[in-house]
Amino acid sequence: DRTRSRYGRRRVYFLAGIVPIAVSFIIMWLPLKTESQALLFLYYSFAYVVFATVFTMVMIPYSALAAELSADYEVRNRLSGSRLLFSGFSSLLAATVPKIIIDSSKGPPSTGYVTMSIVFGIFFALPWIITFFGTWEDDHAAEESYSHNFIKEFFSIFKNRSFRVHILMYVCAYSAIDFLMALFTYYLTYYLRRDGIYSIAMGTLMLVQLAMIVFYVRMSNTKGKRFAYQMGMIIWFGGMFLTLALTSTSPIALICLVCAVIGSGTAAAVYIPYAILPNVIDVDELMTGRQRSGVYSGALTLMRKLVQGALVMPMIGFFLQLVGFVSHAEQTPQVLTRFFIFFIGGSALLIAAGIIIAFFFHLNVKNSTMLTAELERLRSGGKLEDATEEMQQIGEQLTGQKWTENNWP
């Protein structure tokens, strides 16, 4: 948000990240010839931190740019949908192509990994050139001033009522996804005793999820994002309980059908929280008179990392121990029953929480369209006090504060 360059506030980081992304990914896979476990630990920890830092450096401005490419409600939804379609497709590539490269490489296994790292390092870096030349930034935000107190600036975004609801919807949806993905292998391997069909089952889930994003883009444009989010979460909720019908002797077709239902629901959980972000940033601009996409994009990224790394994954490990689960061993019927309750119940609680929280989200099609028009009026020199009574009521509902408390310059 504070960057000033000839290439703008966002796009300059795409250029800056091209070489570091490729190099930082490759160094994670270089074989270190040493017997020291401490040195191995330090080197690969450092290499991973470098890659994660460089990746974050480009992804935060990339997410922030979504609010500036268009102010149109429907166009924003299509942009977010297109982005996540490519993201889902790339996930399928990342799950299959590396192994093909590694297995086809001659020589020791380390050679295959290094080859794979070079191929994917280049693959990760080159699209940023296309992204740089194919995007633009909003000129009206270029000369804004920002507080020198970054901590104060960061925490001020939580005054935004729409963002507080949005972040809870996001955390519930993505925590439930983490929960499902982390336990799905255990579910197939130990509960259904069908570890051989993992690729088919997960592939079905991912492909249906990918295809359904288009459906939720259309639903968001007609019924609103809250409706699309809740609809998807309800379908996912039902899909989790359909697993009650599966046993170790269930046909593959039935298992894939249940996975397809779950994938139909998770598509909304993946898509809607990111589609909402540009609209939430508009609410902040109404409150502050500034376009702070970077702060919001950074907060979303930070919250995702904190919740996933510090809460969800440790919680999964703790509960697996609590139910008596022992990896790579035969599980007793009692352990499997407790595990299954945990598998369904954990996801179901997070999904239900997301559905309930979404009732407090009011950035529907009408409100978002009116907000966009009001921001255009204010940017053109209009005054806050000249807003219509309906707009003031909507603004107070979205911001969570009195209309007169908005700090438009």
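The values are calculated or read from the model by the stated rules, or taken from the named source; none is laboratory data. This one's a predicted model, so the numbers in the text were calculated from it and none came from an experiment. Every residue, glycine as well, gets a Cβ built from its backbone with ideal geometry; the counts of neighbours run over all protein chains shown. Quick note on the areas: whole protein, heavy atoms, side chains included, nothing else; ligands and nucleic acids left out. Shrake-Rupley method; radii C 1.70, N 1.55, O 1.52, S 1.80 Å.
Compute the acute angle (0 to 90°) between the alpha-carbon long axis of helix 333-358 and the principal axis of greatest extent of the alpha-carbon atoms of the chain; round to the nearest 10°.
10
At a 1.4 Å probe, what is the % contribution of carbon and sulfur to the accessible area of the range 262-376? The partial results should precede the final answer.
Working: 3130 of 4310 Å².
Ligands and nucleic acids excluded, carbon and sulfur give 73 percent.
Which value in deg cm²/dmol, rounded to the nearest 500, describes the helix-derived mean residue ellipticity at 222 nm for the chain, given -39,500 (n - 2.57) per DSSP H run of n ≥ 4 and division by the residue count? Numbers along the way, then the final one.
Working: 16 runs with 296 residues, N = 409.
Taken over the chain, the calculation gives -24500 deg cm²/dmol.
With a 1.4 Å probe and every protein chain kept in, tell me what percent of the accessible surface of the range 92-192 is carbon plus sulfur. Working shown, then result.
Details: 3690 of 5270 Å².
Answer for the range 92-192 is 70 percent, counting heavy atoms of protein chains only.
Determine ³J(HN,Hα), in whole Hz, for all residues of the range 172-183 in sequence, where each value follows from phi through the Karplus function 6.51 cos²θ - 1.76 cosθ + 1.60 and θ = phi - 60°; x replaces Gly and Pro.
Coupling constants for the range 172-183: 4, 5, 6, 5, 5, 5, 4, 4, 5, 5, 5, 9 Hz.
For the charge dipole of the range 370-409, defined by +1 on Lys and Arg C-beta atoms and -1 on Asp and Glu C-beta atoms about the Cα centroid, which residue among Leu375, Gln392, Trp403 has the Cα displaced farthest towards the positive pole?
Leu375
Given Cα pairs under 8 Å that are at least 6 residues apart, what percent is the relative contact order of the chain? Write down the numbers at each step before the final one.
Details: 475 pairs, mean separation 96.2, N = 409.
24 percent.
On C-alpha positions alone, give me the angle between the axis of helix 11-27 and the longest principal axis of the chain, in degrees, nearest 10.
Between the helix axis and the principal axis of the chain, the angle is about 10 degrees.
How large is ³J(HN,Hα) for each residue in the range 160-170, as worked out from phi by the Karplus curve 6.51 cos²θ - 1.76 cosθ + 1.60 (θ = phi - 60°), to whole Hz, x for Gly and Pro?
The phi angles translate into 6, 4, 4, 5, 4, 5, 4, 5, 5, 4, 5 Hz.
Taking the Cα centre of the chain as origin, sum charge times position over the Cβ atoms of Lys and Arg (+1) and Asp and Glu (-1), and report the length of that vector in debye to the nearest 20.
Values: 32 positive and 26 negative charges, 125 e Å.
It works out to roughly 600 debye.
Accessible area per residue for the range 147-203 in Å², computed with a 1.4 Å probe and the full protein assembly in place, what is it?
Numbers: 2490 Å² over 57 residues.
Heavy-atom SASA per residue in the range 147-203 reads 44 Å².
Once you list every other residue whose beta carbon is under 10 Å from the beta carbon of Ser70, what net charge do they have if Lys and Arg are +1 and Asp and Glu are -1? Let's see the in-between values first.
Numbers: positive: Arg76, Arg78; negative: Glu68, Asp72, Glu74, Asp138.
Around Ser70, the charge tally is -2.
Using only the Cα atoms of the range 277-340, build the gyration tensor, take square roots of its eigenvalues as a ≥ b ≥ c, and label the shape rounded, prolate or oblate: rounded if a/c is under 1.5, else prolate if a/b is larger than b/c, else oblate. All intermediate terms of the calculation are to be shown ahead of the outcome.
Numbers: a/c = 5.93, a/b = 4.13, b/c = 1.44.
It comes out prolate by the Cα gyration axes.
Just give me a number: lysine pairs in the chain, eight or more positions apart or cross-chain, with C-alpha atoms less than 29 Å apart.
20
Rounded, prolate or oblate for the range 98-202? Axes are the square roots of the Cα gyration tensor eigenvalues, ordered a ≥ b ≥ c, and the cut-off for rounded is a/c under 1.5. Don't skip to the end; give the middle numbers.
On the way: a/c = 3.15, a/b = 1.43, b/c = 2.21.
Note, shape of the range 98-202 comes out oblate.
Just the number please: accessible area per residue for the range 289-409, 1.4 Å probe, all protein chains included, in Å².
52
At what distance in angstrom do the alpha carbon centres of the range 218-259 and the range 317-353 lie from each other?
The range 218-259 and the range 317-353 have Cα centres separated by 20 Å.
Residue by residue through the range 96-111, which ³J(HN,Hα) values in whole Hz follow from phi under the Karplus form 6.51 cos²θ - 1.76 cosθ + 1.60 (θ = phi - 60°), with glycine and proline marked x?
Along the range 96-111, the couplings run 10, 5, x, 5, 4, 5, 5, 5, 8, 7, 8, x, x, x, 4, 5 Hz.
Angle between the Cα long axis of helix 365-379 and the longest principal axis of the chain, 0 to 90 degrees, nearest 10?
Relative to the chain, helix 365-379 is tipped by roughly 50 degrees.
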